[in-house]
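A short reminder: the numbers here are calculations on the coordinates, not readings from a lab. Note that the structure is predicted; figures quoted are calculated from it, not measured.
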Amino acid sequence: MAARIVLLNGAGSAGKSSIARALQAIAATPLLHMQMDAFLEMLPAATTRSSTA
């Protein structure tokens, strides 16, 4: 099975999480919902260092 990524982008309180849950409910195959903050926490520290530090 090929991997697919659906990226929902928008301002805070725009309804991205609600849309993600709705897509999970109607999808024919299982979908994972992951917030961007959780994804960024998985990156190595060297890739997340601020250039202003």
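Below, the figures for the structure above:
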{"quantity": "Kirkwood-Stokes translational diffusion coefficient of the chain, alpha-carbon pairs, 37 °C, 0.692 mPa s, µm²/s", "calculated": "243"}
{"quantity": "Residue-averaged [θ]222 nm for the chain, counting only DSSP H segments that reach four residues, each worth -39500 (n - 2.57)", "calculated": "-10000 deg cm²/dmol"}
{"quantity": "Phi to ³J(HN,Hα) by Karplus 6.51 cos²θ - 1.76 cosθ + 1.60 over region 31-42, Hz, x for Gly, Pro", "calculated": "10, 9, 10, 9, 6, 4, 4, 5, 5, 5, 5, 7"}
